[in-house]
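To start, the structure itself, in structure tokens.
The values are calculated or read from the model by the stated rules, or taken from the named source; none is laboratory data. On a predicted model such as this, the values are computed, not experimentally measured, just so you know. Quick reminder, even Gly has a Cβ in these numbers, built from the backbone with ideal geometry, and neighbours come from all protein chains shown.
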Amino acid sequence: MEQQYFVVVNDEEQYSVWDARQPVPSGWRTVGEPDTKERCLETIERLWVDMRPLSARRFVEAPARD
């Protein structure tokens with residue numbers, strides 16, 4: 001059986017591939033079921049459409065204050 005990985009995401013909505021045999025680090029959560037590295041990378045490409053961290057996106061999108 002081919003090595004399995006998880007897609008993981010943190011609170012800043014940054015994605016990564018994580019070895020399914022290892023515990024998921026604090027601050028990260030899994031997305032979906034374990035899969036091959038290639039399939040996980042395809043999932044990340046589909047989901048991670050804006051590379052900026054969530055806090056940066058919110059800052060840029062916030063209304064200007066005087």
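Some observations on this one:
- All positions within the range 24-51 that are among the polar types (S, T, N, Q), touching a strand residue (DSSP E or B) at 6+ places or on another chain (Cβ under 9 Å) and either part of a helix (DSSP H, G or I) or more than 15 Å from GLN4 (Cα to Cα) (or both): THR43
- Every listed requirement among (1) modelled with pLDDT under 95; (2) in a loop (DSSP other than H, G, I, E, B); (3) among the charged types (D, E, K, R) is met by ARG21 save one, (1).
- Looking across the range 1-18, the residues that are under 15 Å from ARG46 (Cα atoms) and part of a loop (DSSP other than H, G, I, E, B) come down to GLU13, GLN14.
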